[in-house]
Amino acid sequence: MAVDAKTVKELREKTGAGMLDCKKALEEAGGDLTKAIELLREKGLAAAANKAGRIATEGVVESYIHAGGRIGVLVEINCETDFVAKTDQFKDFARDIAMHIAAMSPRYVRREEVPQEEIDKEKEILTAQALNEGKPEKIVEKMVEGRIGKYFEEFCLLEQAFVKDPDKTISQLVSEKISTIGENISIRRFVRYELGEGMEKKVDNFVEEVMSQVNK
């Protein structure tokens with residue numbers, strides 16, 4: 001079916017995809033803008049997956065210091081070329097990741113980095129909790145596996161919901177950036193410091209504080 005230029009332009013603005021790709025997606029979706037976005041995302045993520053195996057040794061070490069110097073983050077994010085590393089789009093992405101780390105306090109980049117002894121200990125605690133709740137032993141194992149998944153979502157950066165857009169994970173955000181930038185992108189490592197960490201102090205809501213600074 002024929003699609004009008006205004007809808008093609010709107011789709012391009014929403015997705016960042018090329019004009020021809022937008023036109024084809026709209027034709028395939030019968031003019032449905034939402035479905036066309038989904039089609040482009042599917043194709044974009046497939047393209048991102050193909051790029052994910054490419055070597056990425058350029059990039060930036062980005063920093064974020066929370067107002068008043070109470071939290072500091074350094075994060076290394078890699079891409080394939082120095083040219084991309086210097087673009088505003090890549091720098092903005094790196095700043096968003098550093099800010100997210102400050103707010104959400106992940107412990108690891110990905111679940112593969114979590115020590116097995118930590119996983120085993122957590123499973124032990126979760127199993128005891130499930131049994132104390134009176135759950136039948138035959139379903140406890142499945143419950144524990146599900147709760148371990150939640151554990152990864154809480155402490156592994158790539159599985160956390162993005163603080164500025166909770167509808168997507170950091171992993172999905174990375175895939176979107178790979179698709180739009182056209183190079184492999186990898187969050188390699190980070191370090192997060194919090195003033196007085198490990199010392200007894202009052203509890204603060206750093207997520208709200210960090211977001212209040214971002215929204216100013």
Review point. For Leu126, are the conditions met, namely being over 25 Å from the mean Cα position of the chain (by Cα) and among the hydrophobic types (A, V, I, L, M, F, W, C)?
Key: yes
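Hey, can you tell me all the residues within region 78-109 that are outside any helix (DSSP H, G or I) and under 16 Å from Ser179 (Cα atoms)?
Within region 78-109, Asn78, Cys79, Glu80, Thr81, Thr87 qualify.
Taking the residues in region 82-104 that are open to solvent by 50 Å² or more (accessible area, probe 1.4 Å) and touching a strand residue (DSSP E or B) at 6+ places or on another chain (Cβ under 8 Å) as candidates, determine which candidate is farthest from Gly198 (Cα to Cα).
Of all residues in region 82-104, those open to solvent by 50 Å² or more (accessible area, probe 1.4 Å) come to 82-83, 86, 88-89, 91-92, 95, 104.
Imposing the further condition that a residue be touching a strand residue (DSSP E or B) at 6+ places or on another chain (Cβ under 8 Å) reduces the set to 82, 91, 95.
Numbers: Asp82: 38, Lys91: 32, Arg95: 26 Å.
So the residue we want is Asp82.
Those residues that are assigned to a helix (DSSP H, G or I) and surrounded by fewer than 19 Cβ atoms within 10 Å (Cβ to Cβ), I need them from region 177-186; list them, please.
Taking region 177-186 and keeping what is assigned to a helix (DSSP H, G or I), we get 177-181.
Residue satisfying the conditions is Thr180 alone.
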Exercise for review: For Glu112, work out the one condition from (1) surrounded by 11 or more Cβ atoms within 10 Å (Cβ to Cβ); (2) in a helix (DSSP H, G or I) it doesn't fulfil.
Suggested key: (1)
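In region 115-134, what residues are of a type in the set (Asp, Glu) and open to solvent by 60 Å² or more (accessible area, probe 1.4 Å)?
Step one: of region 115-134, the residues of a type in the set (Asp, Glu) are 117-118, 120, 122, 124, 133.
Listed by number, the residues that qualify are Glu117, Asp120, Glu124, Glu133.
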Revision key, fill the gap. Filter region 148-168 for residues that are outside any helix (DSSP H, G or I) and touching a residue at least 12 places away in the same chain (Cβ under 8 Å); the one that is most open to solvent (accessible area, probe 1.4 Å) is Lys164
Point to revise | Where Glu141 falls short, out of the listed (1) in contact with a Ser or Thr (Cβ under 6 Å, 6 or more places away or on another chain); (2) open to solvent by 70 Å² or more (accessible area, probe 1.4 Å) | key: (1)
Point to revise | Selected residue [under 18 Å from the mean Cα position of the chain (by Cα), open to solvent by less than 10 Å² (accessible area, probe 1.4 Å) and of a type outside the set (Asp, Glu)] from Ile71, Ile77 | key: Ile77
Exercise for review: Output yes when any residue across region 48-63 is open to solvent by 20 Å² or more (accessible area, probe 1.4 Å), touching an Asp or Glu at 6+ places or on another chain (Cβ under 6 Å) and of a type in the set (Gly, Ala, Ser), and no when none is.
Suggested key: yes
**Study point:** Matching option when the condition is surrounded by fewer than 17 Cβ atoms within 10 Å (Cβ to Cβ) and touching a residue at least 24 places away in the same chain (Cβ under 8 Å), among Arg107, Arg192
**Key:** Arg107
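The values are calculated or read from the model by the stated rules, or taken from the named source; none is laboratory data. Just so it is clear, the model here is predicted, and its values are computed rather than measured. Note that we place each Cβ from the backbone using ideal geometry, even for glycine, and neighbour counts take in every protein chain shown. Ligands, DNA and RNA are stripped out before the accessible areas are found, and what is left, the full protein with its side chains, is counted by its heavy atoms. Shrake-Rupley method; radii C 1.70, N 1.55, O 1.52, S 1.80 Å.
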